[in-house]
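The values are calculated or read from the model by the stated rules, or taken from the named source; none is laboratory data. In this text, all values refer to a predicted model and were calculated from it rather than measured experimentally. Using ideal geometry, Cβ is built from the backbone for each residue, glycine included, and neighbour counts are taken over all protein chains shown. The protein model used for the area step is the full one, side chains on, heavy atoms only, and it has no ligands, DNA or RNA in it. Shrake-Rupley method; radii C 1.70, N 1.55, O 1.52, S 1.80 Å.
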Amino acid sequence: AASAADFKPQEVANTVWALATMGVEADKRLLEALSQRATASAADFNPQDVANTLWALATMGVEADKRLVEALSERAAASAADFKPQEVANMVWGVATMGVEA
């Protein structure tokens, strides 16, 4: 059986995006596992993965995990030239909505 620890970046992003889009109140343990996986694999996230993950967590009202936001922010900075305007907007909205200070 697959576990969140086996998820690829796109699988993490797609899962949290789907939960947020459906308006599901996700299990806290599931979100913690997905956040840990995202933090560990942030260097492999593409711009859409970064943006969708941050947007989804903010949409679900998840309290910001400082390590996750820092890891995804570092990834965003390293790949900033590859971000589309909508991805930038979603990422910034997500970080702001979660109350993360720059």
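On inspection, Leu34 fails the criterion of being open to solvent by less than 40 Å² (accessible area, probe 1.4 Å) and over 22 Å from Glu70 (Cβ atoms).
Based on this model, can you work out whether Ala64 counts as more than 9 Å from the chain's Cα centre (by Cα) and over 15 Å from Met98 (Cα atoms)? Before the answer, list the steps.
Details: more than 9 Å from the chain's Cα centre (by Cα): yes; over 15 Å from Met98 (Cα atoms): no.
Spelling it out, it is not the case that Ala64 is more than 9 Å from the chain's Cα centre (by Cα) and over 15 Å from Met98 (Cα atoms).
Test Thr53 against the stated conditions and say whether it is part of a helix (DSSP H, G or I) and within 9 Å of the chain's Cα centre (by Cα). Considered against the rule, which asks whether it is part of a helix (DSSP H, G or I) and within 9 Å of the chain's Cα centre (by Cα), Thr53 comes out as yes. Every residue in segment 56-98 that is closer than 19 Å to Ala26 by Cβ and outside any helix (DSSP H, G or I), please. Result: Met60, Gly61, Val62, Glu63, Ala64, Asp65, Met98. In this structure, is Ser73 among the hydroxyl-bearing types (Ser, Thr, Tyr), closer than 20 Å to Glu11 by Cα and open to solvent by 40 Å² or more (accessible area, probe 1.4 Å)? In short, yes. Listed by first and then second residue, the pairs with beta-carbon distance under 6 Å, at least 6 apart or on different chains, first residue in segment 1-16 and open to solvent by 90 Å² or more (accessible area, probe 1.4 Å), second of a type outside the set (Gly, Ala, Ser), are Gln10/Asp49. Per the listing Arg29, Arg37, the residue uniquely within 14 Å of Thr15 (Cβ to Cβ), over 12 Å from the mean Cα position of the chain (by Cα) and basic (Lys, Arg) is Arg29.
Return the residues of segment 17-29 that are within 22 Å of Arg75 (Cβ to Cβ) and open to solvent by 60 Å² or more (accessible area, probe 1.4 Å); say none if nothing qualifies.
Going residue by residue through segment 17-29, those that are within 22 Å of Arg75 (Cβ to Cβ) are 17-20.
Matches in segment 17-29: Trp17 only.
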